[in-house]
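Q: Below is a structure I'd like to ask you about.
The values are calculated or read from the model by the stated rules, or taken from the named source; none is laboratory data. Computed from a prediction, not measured in an experiment: that's the story for all the values here. Heads up, the Cβs are rebuilt from the backbone with ideal geometry, glycines too, and the neighbour counts pull from every protein chain shown. Ligands, DNA and RNA are stripped out before the accessible areas are found, and what is left, the full protein with its side chains, is counted by its heavy atoms. Shrake-Rupley method; radii C 1.70, N 1.55, O 1.52, S 1.80 Å.
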Amino acid sequence: MPNLLPTCDMLHFMDRFDRISKIGSTGDGGVHRPFGSTADLELRDLLQHIAREEIGLEVHVDPIANIWGIRLGSENLPAIVLGSHHDSVPHGGRFDGPLGILVALEVIQTLKEYGFHHRHPLAFVSFTAEEPNPFDVSTMGSRTIAGRLTKEHLLQVTDWDGRSLQDAITAAGGDLTHIPLARKSKSDIFAFLELHIEQGRRLELAKVPIGIVTGICGIYREHITVVGEANHAGTTMLRDRHDALLAGAQIALALEELVKAAQTDGLVGTVGRFTITPNAANIIPGACDLMVEIRGATSDAIHRTAQSLAKATTAIAKQRGVVITHDVLLDQTPQPLAPELIELMKQAAHTQTIPFQSLFSMAGHDATHMASFTHAAMLFVPSIGGKSHCKDEFTEMRDVELAINLLIQTVMKLDLLSSLDI
Ligand code: GLV
Ligand code: MN
Ligand code: MN
């Protein structure tokens, strides 16, 4: 084995990044690649081609359509897995997700080309449907392998147009009828490492190239439906109206007031989807659909806010004479990441004199679900201007290079270990 430590080749990394960024490109710097779209399918093909033909990995697609690429180790041990997701939010950026996949592939390729003799298998994974999508099931791939989504549940899911999830998963190379086979445990996966953009401004403001993530926020999502009464916008007197839009707007404002008043570090609330029916100039809105999301560092703070919002909606329903129903879509607890992996990454940063900062993530990630059954850790690289989930996402490649080299060292150290349990 050569004496020099392995380091990555950023030229072919950037070439790959450009190739994948073209898929689903919106032409303005962003990408539109939601789960189930043609761009999602096209990128799946390209990722499998890169992993199989350019890196020489054994590639397979599991029943929930996660893509895996494996390089066997010398011993019969659980795998060290690196990865992220390749889907995007509607009209999102190029970096959220795919960056972590290309980094995973680069780490494995660099170690392979260096001739690193590894005991554990090294694997990359690209998870299915991490982002919210028309099937209203996010982090679908990681939740499924963690055993948090069942075959029975998934088989009855359809999208907003009635297309079955089974059709979409089949088109992506999976098969929901075999879901139990997708399940992974600690005896399959020794450790999971995910590189991701920070999506906020803390690293940029601190002028630090690397964030070592301590934990991931809890996320609660509730679908609220308001049913009022559609009626003539000119002839209906104000006192006779049951305007569903105005009730929905009051709910959104109530949520803002509640999270402000809670004064709990990091607690945020958002109404990110808001649709009205029939949505016409001369009709009082008869129905309104809202997607409420609450995030925080503790389940307590999240649940208290959700309960207060429920009280507020009862009052709004009474005041406006509308009917409001709630459907909880997600109630994900905050998740600490593995202290043993955090320590290894800190050591690697010290060895390479890479400045870092410890951060708690207010964005959701597949690593949350991986951490529910094995050791999982995350690294962040700075997002310029804190922009994310929009076309302006940007991260400097020099920071990505530091992260790749840090991960290479972490994987090399990790491979010497057979247990991470203290
Ligand atoms: C994932 O992108 C999330 O934070 O919603
Ligand atoms: Mn995202
Ligand atoms: Mn992401």
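Q: So, in the stretch 324-358, of the ones that are in contact with a helix residue (DSSP H, G or I) (Cβ under 9 Å, 6 or more places away or on another chain) and under 21 Å from residue 182 (Cβ atoms), which residue ends up farthest from ligand 1 (Cβ to nearest atom)?
A: Restricting to residues being in contact with a helix residue (DSSP H, G or I) (Cβ under 9 Å, 6 or more places away or on another chain) and under 21 Å from residue 182 (Cβ atoms), the top hit is 335.
Q: Could you check the stretch 383-406 and list, in sequence order, the residues that are charged (D, E, K, R) and touching a Gly at 6+ places or on another chain (Cβ under 8 Å)?
A: Matches in the stretch 383-406: 387, 391, 392, 393.
Q: Condition first: open to solvent by 70 Å² or more (accessible area, probe 1.4 Å), outside any helix (DSSP H, G or I) and closer than 20 Å to residue 302 by Cα. Now tell me which residues in the stretch 227-269 satisfy that.
A: The answer is 263, 265.
Q: Does the stretch 286-293 include one or more residues that are among the acidic types (Asp, Glu) and under 19 Å from residue 100 (Cβ atoms)?
A: Looking for residues that are among the acidic types (Asp, Glu) and under 19 Å from residue 100 (Cβ atoms), one finds none in the stretch 286-293, hence no.
Q: While we're here: Exactly one of (1) among the small types (Gly, Ala, Ser); (2) open to solvent by 10 Å² or more (accessible area, probe 1.4 Å); (3) out of contact with any helix residue (DSSP H, G or I) (no Cβ under 8 Å at 6 or more places or on another chain) is unmet by residue 361. Its number?
A: (2)
Q: Okay, next question. Which condition number does residue 62 fail, the rest of (1) more than 24 Å from residue 410 (Cα to Cα); (2) in contact (Cβ under 8 Å) with a residue 60 or more places away in the chain; (3) under 15 Å from the mean Cα position of the chain (by Cα) being met?
A: Here residue 62 clears every test but (3).
Q: Only residues that are open to solvent by 10 Å² or more (accessible area, probe 1.4 Å) and part of a strand (DSSP E or B): list them for the stretch 171-218, please.
A: 190, 214
Q: I would also like to ask the following. Considering only residues that are open to solvent by 60 Å² or more (accessible area, probe 1.4 Å), out of contact with any Gly (no Cβ under 7 Å at 6 or more places or on another chain) and either of a type outside the set (Gly, Ala, Ser) or in a helix (DSSP H, G or I) (or both), which ones fall in the stretch 17-46?
A: Scanning the stretch 17-46 gives 18, 19, 22, 28, 38, 42, 45.
Q: Would you confirm whether or not the stretch 345-357 contains a residue that is under 22 Å from the mean Cα position of the chain (by Cα), buried (at least 23 other Cβ atoms within 10 Å of the Cβ) and in the same structural domain as residue 113 (by TED's automatic domain parsing)?
A: Scanning the stretch 345-357 turns up at least one residue that is under 22 Å from the mean Cα position of the chain (by Cα), buried (at least 23 other Cβ atoms within 10 Å of the Cβ) and in the same structural domain as residue 113 (by TED's automatic domain parsing).
Q: Open to solvent by less than 10 Å² (accessible area, probe 1.4 Å), over 17 Å from the mean Cα position of the chain (by Cα) and among the acidic types (Asp, Glu): which single residue out of 415, 399, 392 fits that description?
A: 415
Q: Another question, then. Does the stretch 86-98 include one or more residues that are under 30 Å from residue 25 (Cα atoms), assigned to a strand (DSSP E or B) and touching a residue at least 40 places away in the same chain (Cβ under 8 Å)?
A: yes
Q: Would you point out which residue out of 337, 359, 330 is over 18 Å from residue 110 (Cβ atoms), modelled with pLDDT under 95 and within 16 Å of ligand 3 (Cβ to nearest atom)?
A: That would be 330, the only listed residue that is over 18 Å from residue 110 (Cβ atoms), modelled with pLDDT under 95 and within 16 Å of ligand 3 (Cβ to nearest atom).
Q: So, one more: Test residue 49 against the stated conditions and say whether it is open to solvent by 10 Å² or more (accessible area, probe 1.4 Å), in a helix (DSSP H, G or I) and at pLDDT 95 or above.
A: Yes, satisfied.
Q: Test of understanding: among 135, 124, which residue is more than 13 Å from ligand 3 (Cβ to nearest atom) and part of a strand (DSSP E or B)?
A: 124 is the lone residue from the list that is more than 13 Å from ligand 3 (Cβ to nearest atom) and part of a strand (DSSP E or B).
Q: So which pairs qualify, if the first residue must be in the stretch 274-301 and part of a strand (DSSP E or B) and surrounded by fewer than 17 Cβ atoms within 10 Å (Cβ to Cβ), the second must be of a type in the set (Ser, Thr, Tyr) and at pLDDT 95 or above, the Cβ gap must be under 7 Å, and the two must be at least 6 apart or on different chains?
A: 289/225; 289/275
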